[in-house]
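The values are calculated or read from the model by the stated rules, or taken from the named source; none is laboratory data. All values derive from a computational prediction rather than experimental measurement. Cβ atoms come from the backbone with ideal geometry, glycine included; neighbour counts cover every protein chain shown. To get the accessible areas, we keep the full protein, side chains included, count just its heavy atoms, and leave off ligands, DNA and RNA. Shrake-Rupley method; radii C 1.70, N 1.55, O 1.52, S 1.80 Å.
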Amino acid sequence: MASSILEDYINWGIIGPDQFTDVNDIDWRDAYKKFQEQRDAHYKAVDVWYTIANLTEEDEFYTIDAYNEWVRNRDIFSHKNSPGVAKVMWESLIGKSLTQEQYDDYISALSNMMESLKLLFMIVDRDPFTEVTTTPPVDVPDGFKTVWRVESGQQIVLPLPSLDNNDTSLIYNFTVYWGDNSSNTITAFDDSDITHTYTTSGDKTVTIVGDCEGWSFSNSTRKLELIQVLSWGDPTLFSGFKYLRFGGTRNLTSLPDGSDGYGTSIRANGSGCSSFEGTFYGCSSLTSIPDNLFDTHSLVTSFQQTFLNCQSLTSIPPGLFDTNTEVTSFNQTFYGCSSLTSIPDNLFDTNTEVTDFSSTFANCNQLTSIPVGLFDYNESVVDFSNTFENCESLSAIPANLFDNNTSVINFNSTFYNCNLLESIPDNLFDNNVLVTNFQQTFFNCNGLTSIPTDLFINNTQVQYFDGIFESCTGLTSITDNLFDTNTLVTNFFGTFQGCTGLASIPDNLFDTNVLVTNFQQTFFNCNGLTSIPTGLFINNTLVTTFNDTFYNCTNLGSIPPGLFDTNTLVNYFVGTFGGCYELTSIPSSLFDNNVSVITFQNTFYGCTGLTAIPPNLFDNNTNVQNFLNTFYNCTNLGSIPDNLFDNNVNVLYFNSTFFNCQSLETIPLGLFDNNTNVQRFEGTFQSCSGLTSIPTGLFDNNTNVTNFQNTFNNCYGLTSIPTGLFDNNTNVTTFQNTFYNCTNLGSIPDNLFDTNVLVTNFQQTFYGCQSLETIPLGLFDNNTNVQYFDGIFYGCYGLTSIPTDLFRSNTSVQSFNFTFYNCYGLTSIPTGLFKYNLSATSFQYTFMRCENLTFNEFTFYDTGEESTRFAGKDVNFYQCFDRSSFTGTQGTAPDLWNCSFSSVNSGLCFAGPGNSITSISNYGNIPAGWK
């Protein structure tokens, strides 16, 4: 009502429309709020005036002439100065005699209205007794009308594209009325006048009259201001559209309802738009679609994404596309219309040229039913992929739904995640004889309990059944001979993956599918399966991959002998039986005929029930390059056969092959002797806690190895390392975590790393080896390329001393973080321990918690080298010597605080109760910032 009062005053001529242009916004709002408080008094005065003057609402009771007459005679009209004359003047003005009672009532109301007027005049900073010059309101014709919600000072930009769908230039020659008594003539899509700035807030009706062939918000930055389309316009004044896009105008709430007399159909220029692709894409506030919206655009060929993500739409008008007989695509038309509950009967009956219904109703998760015969007249359709994907409320599929769609080739994900579906109609696909793709058609339809007999009997051209029944957890059985006629199928990737209710597999299920190359994840996570039919893959001689085929079939108790005998082209057995923890044995000769295999990665991963590996299991697999995680977490595996890998001469990786095989007690002598190409033994025996020894010469022939990271990590049963274990591994670059947490390891052989001259990383190599008592002299003398000794002896609290010059040759080291952390058995630091490690700049926690350690003032440098040892370097000594207690002999701390640095982190370097005058002779000299 408040804005209405202001507009009334402007229209009546009391103030001009430009009065507020220069008014400060904050002052205006405060003042106008006060003015609003007077509105009741104002309207009371108006009501009295109507009554006295016997006027109707159509009468212009506040003409400019009447107002100016009052201005010229304001002294006479003053009731206080001359009430009698004022009464006569008012009677003369209105042409009617007034009783004294009527006049008194009017004067009482007028005094209140005058207060309101005074306040308004104060707001606009104008003398109320100055005559007003007004601009007459612009007469706006009935053109194409839209409503925009703006703030004062805000701009809108007309969204005019340069080209239509066919890259033809669009014509513009129109007048735009901006809804604020101003207008412009536009003659080009990039006309400077398509941008308009408003001086007042509110809803502005923008009207276009003339030729405006295009309208597209595709690249507009002013989408959110549009809230309504009021009218498609008088056809004699507005020529209509050839190209139309409201995409992304998510505050658009409504389209014309026809009440203006100009209909609900989008005005067409000539034959109209050739495509409505994305026209209302993302109009998430649009609640309804008017009847006949597209009726005048008879040549449109595409409705792709027309209403995509219109989340507030609840219904579709019957006959919406009846006149659009040339349409070929309904791709994603109603995708994401999450409030849509039904589809009208016969919606597509006249659209006989349609070829694409992909994702038409995808993500319409409130849709509860599909009309019978919905696609009966769409005989040209080739694509039904994702049509009803994620329609989670859909409970049934009509019988014969696709009977007339004889050209279809694609049913990929058609009913994907329709998890309320309980059955599939018999003969649903009988007439779709050209179909090649059934990928994920019924993915996650977990309400399904059975598959109709002969469901695919006529689909002889099918090539892909990938994931068609994936995650159908309600399925308990597979129909015999289900795929018998589908002889062209090449892929069964994930076909029954996640069918946890499936208890068995029919014999001969794949017998006729002789072209199949891929059985990856076919029965992945079918944890109800207890057995595999003998000869299941006997006719599938072209298969190249069995990756994860039975992965996590947790109740599978056995593998049939000869299961893969005819699959001689197989390259991959990755994860084939991974997670089958009920398996207790592996058939001898299981892989004998699979001579093309290149990887056994994860093949028996997590098979905790296995107790043994058949001798010669991999003898014929001479092309294998990878045994990554092959027996990972086979916790009950008690032994490794002699010569298990003898014929696998091309292997490159043994990473984590026996990781966490806790029951392993020994490693066969010469296990890797023939694997001369191996490059990595990373984590090979990690967490094999039952191992007590390592065979001598285990890696002697593996001269190409570069990585021993984690090889024996957490093998806490090991008590010793063979002398010369790594002598022939001259290409190794990392021993990170190699013997990590080998808590019973009592010693390190002399010269263990002498030949490993390329090593750069010794991080945590002996971390947690708490039984170690000594470090061999010169252990790292030949490792001149080492960069990291972080945590190498962390937690080795059995150590009592550090060899002199332990790190003297390691001049490239950058970091000694945690090197002797928690070595509380150490009693001394050799002089010059880090003197020669001039590249090292980080000593965080190096001796932290070494509670018996006597500090050595010459740990880093000799006397007099304080100014040069760390000059120009950024060094970190954070908590380097921090300890909570001390029980040893007093020593002298290195006077690091006297050294020169570019920068230094000295925080808590000598902190903790264990550091005091009792343990450090020069403790009093240590600055507060170092402790």
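Among all residue pairs at least 6 apart or on different chains, which show Cβ distances below 6 Å where the first residue, located in the stretch 415-438, is at positive phi and the second is open to solvent by less than 20 Å² (accessible area, probe 1.4 Å)?
Between residues of the stretch 415-438 that are at positive phi and residues that are open to solvent by less than 20 Å² (accessible area, probe 1.4 Å), there is no close pair.
Look at the stretch 740-780 and say how many of its residues are surrounded by 16 or more Cβ atoms within 10 Å (Cβ to Cβ) and acidic (Asp, Glu).
Here the count works out to 1.
With respect to GLN461, is the statement that it is in contact with a Leu (Cβ under 9 Å, 6 or more places away or on another chain) and over 15 Å from ASP511 (Cα atoms) true?
Values: in contact with a Leu (Cβ under 9 Å, 6 or more places away or on another chain): yes; over 15 Å from ASP511 (Cα atoms): yes.
Yes; evaluated as a whole, the condition is true for this residue.
Considering every residue within the stretch 472-488, establish whether at least one is at positive phi and within 33 Å of the chain's Cα centre (by Cα).
No: zero hits.
Return the residue satisfying two criteria in turn: it lies in the stretch 163-178 and is at pLDDT 95 or above and part of a loop (DSSP other than H, G, I, E, B), and of such residues it is nearest to LEU255 (Cα to Cα).
Checked the stretch 163-178; the qualifying residue nearest to LEU255 (Cα to Cα) is TRP178.
Using the structure shown, decide if ASP430 is surrounded by 16 or more Cβ atoms within 10 Å (Cβ to Cβ) and either modelled with pLDDT under 95 or in contact with a strand residue (DSSP E or B) (Cβ under 9 Å, 6 or more places away or on another chain) (or both). Break it down into steps so the answer makes sense when it comes.
Working: surrounded by 16 or more Cβ atoms within 10 Å (Cβ to Cβ): yes; either modelled with pLDDT under 95 or in contact with a strand residue (DSSP E or B) (Cβ under 9 Å, 6 or more places away or on another chain) (or both): no.
Criteria not met by ASP430.
Given the conditions (1) open to solvent by 10 Å² or more (accessible area, probe 1.4 Å); (2) under 49 Å from the mean Cα position of the chain (by Cα), report the number of the one that ASN783 does not fulfil.
Answer for ASN783: the failing condition is (1).
Could you tell me how many of the residues in the stretch 438-475 are under 18 Å from ALA362 (Cα atoms) and in contact with a strand residue (DSSP E or B) (Cβ under 9 Å, 6 or more places away or on another chain)?
So the count comes out to 2.
Return the total of residues in the stretch 786-803 being within 45 Å of the chain's Cα centre (by Cα) and open to solvent by 20 Å² or more (accessible area, probe 1.4 Å).
Counting residues in the stretch 786-803 that are within 45 Å of the chain's Cα centre (by Cα) and open to solvent by 20 Å² or more (accessible area, probe 1.4 Å) gives 4.
Is it true that THR205 is over 41 Å from the mean Cα position of the chain (by Cα), touching a residue at least 12 places away in the same chain (Cβ under 8 Å) and open to solvent by 40 Å² or more (accessible area, probe 1.4 Å)?
Numbers: over 41 Å from the mean Cα position of the chain (by Cα): no; touching a residue at least 12 places away in the same chain (Cβ under 8 Å): yes; open to solvent by 40 Å² or more (accessible area, probe 1.4 Å): yes.
Answer is no for this residue.
What number of residues within the stretch 138-162 satisfy the criterion of being more than 15 Å from VAL209 (Cβ to Cβ) and in a strand (DSSP E or B)?
Looking only at that region, the number is 7.
Looking at the structure I just gave you, is VAL875 without any contact (Cβ under 8 Å) to a residue 40 or more places away in the chain, touching a strand residue (DSSP E or B) at 6+ places or on another chain (Cβ under 9 Å), open to solvent by less than 50 Å² (accessible area, probe 1.4 Å) and not in a loop (DSSP other than H, G, I, E, B)?
For VAL875, the condition - without any contact (Cβ under 8 Å) to a residue 40 or more places away in the chain, touching a strand residue (DSSP E or B) at 6+ places or on another chain (Cβ under 9 Å), open to solvent by less than 50 Å² (accessible area, probe 1.4 Å) and not in a loop (DSSP other than H, G, I, E, B) - is met.
Consider ASN626 against the criteria (1) open to solvent by 30 Å² or more (accessible area, probe 1.4 Å); (2) in contact with a strand residue (DSSP E or B) (Cβ under 6 Å, 6 or more places away or on another chain): it satisfies all of them except one. Which criterion is unmet?
Every listed condition holds for ASN626 apart from (1).
Across the stretch 143-158, what is the total count of residues that are open to solvent by 10 Å² or more (accessible area, probe 1.4 Å) and touching a Phe, Trp or Tyr at 6+ places or on another chain (Cβ under 9 Å)?
Summing the residues that are open to solvent by 10 Å² or more (accessible area, probe 1.4 Å) and touching a Phe, Trp or Tyr at 6+ places or on another chain (Cβ under 9 Å) in the stretch 143-158 gives 6.
Got at least one residue in the stretch 658-670 being assigned to a loop (DSSP other than H, G, I, E, B), open to solvent by 40 Å² or more (accessible area, probe 1.4 Å) and within 21 Å of VAL595 (Cβ to Cβ)?
Looking through the stretch 658-670, none of the residues is assigned to a loop (DSSP other than H, G, I, E, B), open to solvent by 40 Å² or more (accessible area, probe 1.4 Å) and within 21 Å of VAL595 (Cβ to Cβ).
For the stretch 302-331, which positions are outside any loop (DSSP other than H, G, I, E, B) and over 12 Å from SER359 (Cβ atoms)? Lay out the reasoning, then the answer.
Looking only at the stretch 302-331, we keep the residues that are outside any loop (DSSP other than H, G, I, E, B), and these are 302, 329.
If the condition is that a residue be outside any loop (DSSP other than H, G, I, E, B) and over 12 Å from SER359 (Cβ atoms), then SER302 is the only one that fits.
Please go through the stretch 448-473 and give me each residue that is within 13 Å of GLU422 (Cα to Cα) and either touching a Pro at 6+ places or on another chain (Cβ under 8 Å) or surrounded by fewer than 17 Cβ atoms within 10 Å (Cβ to Cβ) (or both), ordered by number.
THR449, SER450, PRO452
Filter the stretch 878-931 for residues that are part of a loop (DSSP other than H, G, I, E, B), hydroxyl-bearing (Ser, Thr, Tyr) and out of contact with any Leu (no Cβ under 8 Å at 6 or more places or on another chain) and give the result.
Of the residues in the stretch 878-931, the ones part of a loop (DSSP other than H, G, I, E, B) are 878-890, 892-895, 899-902, 906-919, 921-922, 926-927, 931.
With hydroxyl-bearing (Ser, Thr, Tyr) added as a condition, the list becomes 878, 884-885, 887, 889, 892, 900, 902, 906, 916, 918-919, 921.
The answer is SER884, SER885, THR887, THR889, THR892, SER900, SER902, SER916, THR918, SER919, SER921.
Tell me whether the stretch 478-493 contains one or more residues that are under 26 Å from SER558 (Cβ atoms), among the β-branched types (Val, Ile, Thr) and surrounded by fewer than 24 Cβ atoms within 10 Å (Cβ to Cβ).
yes
Take THR723 and decide whether it is open to solvent by less than 50 Å² (accessible area, probe 1.4 Å) and at pLDDT 95 or above. Please lay out each step first, then the result.
Details: open to solvent by less than 50 Å² (accessible area, probe 1.4 Å): no; at pLDDT 95 or above: yes.
Answer is no for this residue.
Are any residues in the stretch 433-446 surrounded by 21 or more Cβ atoms within 10 Å (Cβ to Cβ) and polar (S, T, N, Q), and if so, which ones?
ASN437, GLN439, GLN440, THR441, ASN444, ASN446
From SER385, SER339, SER359, grab the single residue that is open to solvent by less than 30 Å² (accessible area, probe 1.4 Å), in contact with a Ser or Thr (Cβ under 6 Å, 6 or more places away or on another chain) and at pLDDT 95 or above.
Testing whether each residue is open to solvent by less than 30 Å² (accessible area, probe 1.4 Å), in contact with a Ser or Thr (Cβ under 6 Å, 6 or more places away or on another chain) and at pLDDT 95 or above leaves just SER385.
If I filter the stretch 638-652 down to residues being in contact with a Pro (Cβ under 9 Å, 6 or more places away or on another chain) and not aliphatic (A, V, I, L, M), which single residue comes out as least open to solvent (accessible area, probe 1.4 Å)?
PRO641
Going by the conditions given, is GLY914 in contact (Cβ under 8 Å) with a residue 40 or more places away in the chain and either open to solvent by 50 Å² or more (accessible area, probe 1.4 Å) or closer than 28 Å to THR800 by Cα (or both)?
So GLY914 passes the test.
I'd like to know if the stretch 804-813 contains one or more residues that are surrounded by fewer than 22 Cβ atoms within 10 Å (Cβ to Cβ) and outside any loop (DSSP other than H, G, I, E, B).
no
Out of all the residues in the stretch 363-370, is one or more under 21 Å from TYR243 (Cα atoms) and buried (at least 22 other Cβ atoms within 10 Å of the Cβ)? So that I can check it myself, show each step before the final result.
We begin by selecting, within the stretch 363-370, every residue under 21 Å from TYR243 (Cα atoms); these are none.
Among the residues of the stretch 363-370, not one is under 21 Å from TYR243 (Cα atoms) and buried (at least 22 other Cβ atoms within 10 Å of the Cβ), which makes the answer no.
Only one of LEU826, LEU833, LEU838 is modelled with pLDDT of 95 or more and open to solvent by 30 Å² or more (accessible area, probe 1.4 Å). Can you tell me which?
Only one candidate passes the filter, namely LEU838.
Please go through the stretch 248-257 and give me each residue that is part of a loop (DSSP other than H, G, I, E, B) and surrounded by fewer than 24 Cβ atoms within 10 Å (Cβ to Cβ), ordered by number.
Correct list: GLY248, ARG250, ASN251, THR253, LEU255, PRO256, ASP257.
Being out of contact with any Leu (no Cβ under 7 Å at 6 or more places or on another chain) and either buried (at least 23 other Cβ atoms within 10 Å of the Cβ) or among the polar types (S, T, N, Q) (or both) narrows it down to one of ASN737, ASN677, ASN731, ASN655, so name that one.
Answer to the check: ASN737.
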